[in-house]
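The values are calculated or read from the model by the stated rules, or taken from the named source; none is laboratory data. Computed from a prediction, not measured in an experiment: that's the story for all the values here. For neighbour counting, all protein chains shown are included, and Cβ atoms are generated from backbone atoms with ideal geometry for every residue, glycine included.
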Amino acid sequence: MDFQTKLENYAELVLRLGVNLQQNQTLMINAPTEALEFVRVVAKKAYGLGAKDIHINWADEVLTRLKYEHAPLETLTTVPQWQIDRQNYFAEDGAAVLSIKQSNPDMLKGIDPGRISAANKASGEAFKNFRNYTMNDRITWCVASVPGEAWARKVFPDATSGEEAIEKLWEQIFTITRADQEDPIAVWNDHNQTLAKVRDFMNKKNFKKLIYKAPGTDLELELPEGHIWKGGSTPTEGGVPFNANIPTEEVFTMPNKYGVNGTVRNTKPLNYGGNVIDNFSLTFKDGQVVDFQAEEGYESLKHLLETDEGSSRLGEVALVPHESPISQSGLIFYNTLYDENASCHLALGKAYPTSIKGGSKMNDDELDQHGVNNSLAHVDFMMGSAELDIDGVTQDGKVEPVFRNGTWAMEF
């Protein structure tokens, strides 16, 4: 299969399976300038599927870095009202939202982490209403990735040129997203059914607690009453199915924000805010981080944890077997979308309200009473490996193996 065919397949995947674009629906695309070729392919296909309009929000990493280097802090922490209104307008109009990521993990290396943290916090505040639309599944949305030279060279440092690195990364993306298959939509439908079996099994188990054991990790994590395991395709409030992530290999739910105790150590680097955080550990007591260490990116981690009260608590727990296609590639992608689907992971910050019964209808106080974390942040970090064991504690106190040596210990 030639490159263009796989590119067309990939574009069709993000439109038909990702955001599930409907007739006469607007499509909003967030994309880096290096993704121009792919965005054009997506736009052509979107109009062919009946899109009413396509609006594109461009970003450029060189310009972004220049702004962080030279703009006054007041500028970094001010989000123009027209940008807020734009996002809210498209959400209220029921637009589909496609975010194309191109992670350069060193984009903001050397920039004061305090400036990055302040800008992230301001952005989180500004787009809080828009995020409620996505995190409550009120609109269809999808996150996907395309290669850029800086990212590709980070993943393939031995490549002889930027072009070779990009070519290698495209091949990995096509394989992992199944875009290199003759009928990728059918293959994805089968994959979604597999994830549905796993999440249904976990929902029937209704574990009260999960216990994690691995080198550097000894963690107990309570699950709130009424929690819901999700994964793969999910419907909007209006019943339109979509896949929020391409690729995805996880089933996930939320922990009780007050019921996490012990220590967890990361197993893959975390690309956060254009900087790498690695070889770090977090110690929790009654749900909150009370101690942390990091060999790389300590200040970035510190600022993340200090974003607000909820950023030092967990909002997501996700299970991914070690034999996932991304893990088996043997690569570190320095891209959370990919690395989180190679490894069991947790997320600091906001929980998805849809991961608890009735959560999308609860106000902030009601969510808190049910142990649902709230924050401006939502940052996944990877802590799974072939050495990870997980036990589930049932409602009557029985302990059952969930993961052994990094993979499922149960049959579905």
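Of the residues making up region 53-82, those that are closer than 22 Å to Ala144 by Cα and not aliphatic (A, V, I, L, M) are Asp53, His55, Asn57, Trp58, Asp60, Glu61, Thr64. With respect to the conditions (1) under 20 Å from Phe242 (Cα atoms); (2) under 25 Å from the mean Cα position of the chain (by Cα), Gln23 falls short on a single one, namely (2). Within region 146-158, does at least one residue satisfy the condition of being farther than 19 Å from Ile332 by Cβ and either assigned to a loop (DSSP other than H, G, I, E, B) or within 21 Å of the chain's Cα centre (by Cα) (or both)? No, the conditions are met nowhere in region 146-158. Of the listed requirements (1) within 26 Å of the chain's Cα centre (by Cα); (2) within 21 Å of Ile246 (Cα to Cα), Lys44 misses just one: (1).
Checked against the criteria, Gln81 counts as out of contact with any helix residue (DSSP H, G or I) (no Cβ under 6 Å at 6 or more places or on another chain) and surrounded by fewer than 19 Cβ atoms within 10 Å (Cβ to Cβ). Once region 278-305 is narrowed to residues that are among the aromatic types (Phe, Trp, Tyr) and over 18 Å from Pro105 (Cβ atoms), the residue that is surrounded by the most Cβ atoms within 10 Å (Cβ to Cβ) is Phe284.
Applying the selection to region 241-260, what residues are crowded, with 18+ Cβ neighbours inside 10 Å and more than 22 Å from Ile173 (Cα to Cα)? Residues satisfying the conditions are Phe252, Thr253, Met254, Pro255, Asn256, Lys257, Gly259, Val260.
Whether any residue in region 32-45 is touching a strand residue (DSSP E or B) at 6+ places or on another chain (Cβ under 6 Å) and over 26 Å from Phe333 (Cα atoms) is what I want to check. Yes, region 32-45 contains at least one residue that is touching a strand residue (DSSP E or B) at 6+ places or on another chain (Cβ under 6 Å) and over 26 Å from Phe333 (Cα atoms). Residues in region 272-288 that are touching a Gly at 6+ places or on another chain (Cβ under 7 Å), assigned to a strand (DSSP E or B) and touching a residue at least 24 places away in the same chain (Cβ under 8 Å): 5 in all. Filtering region 215-229 to residues that are out of contact with any Ser or Thr (no Cβ under 6 Å at 6 or more places or on another chain) and surrounded by 19 or more Cβ atoms within 10 Å (Cβ to Cβ) leaves Thr217, Leu219, Leu221, Glu222, Leu223, Pro224. Of the strands (runs of 3 or more DSSP E) that lie entirely inside region 177-259, those containing 3 or more residues that are within 18 Å of Pro321 (Cα to Cα) and modelled with pLDDT of 95 or more span 209-214, 251-253.
Checked against the criteria, Leu21 counts as part of a loop (DSSP other than H, G, I, E, B) and crowded, with 16+ Cβ neighbours inside 10 Å.
Within region 194-208, residues that are β-branched (Val, Ile, Thr) sit with their Cβ atoms under 6 Å from residues that are not in a helix (DSSP H, G or I), at 6+ positions apart or across chains, in these pairs: Val198/Val251; Val198/Phe412. Of the helices (runs of 4 or more DSSP H) entirely within region 312-412, those holding at least 2 residues that are of a type outside the set (Val, Ile, Thr) and buried (at least 24 other Cβ atoms within 10 Å of the Cβ) occupy 336-339. Per the listing Ala31, Ala35, the residue uniquely under 24 Å from Gly162 (Cβ atoms), outside any helix (DSSP H, G or I) and in contact (Cβ under 8 Å) with a residue 24 or more places away in the chain is Ala31.
Out of curiosity, is Ala11 surrounded by 21 or more Cβ atoms within 10 Å (Cβ to Cβ), assigned to a helix (DSSP H, G or I), within 20 Å of the chain's Cα centre (by Cα) and without any contact (Cβ under 8 Å) to a residue 60 or more places away in the chain? For Ala11, the condition - surrounded by 21 or more Cβ atoms within 10 Å (Cβ to Cβ), assigned to a helix (DSSP H, G or I), within 20 Å of the chain's Cα centre (by Cα) and without any contact (Cβ under 8 Å) to a residue 60 or more places away in the chain - is met.
If you filter region 77-97 down to residues that are among the hydrophobic types (A, V, I, L, M, F, W, C) and within 21 Å of the chain's Cα centre (by Cα), you find that the one that is farthest from Gly50 (Cα to Cα) is Ala91.
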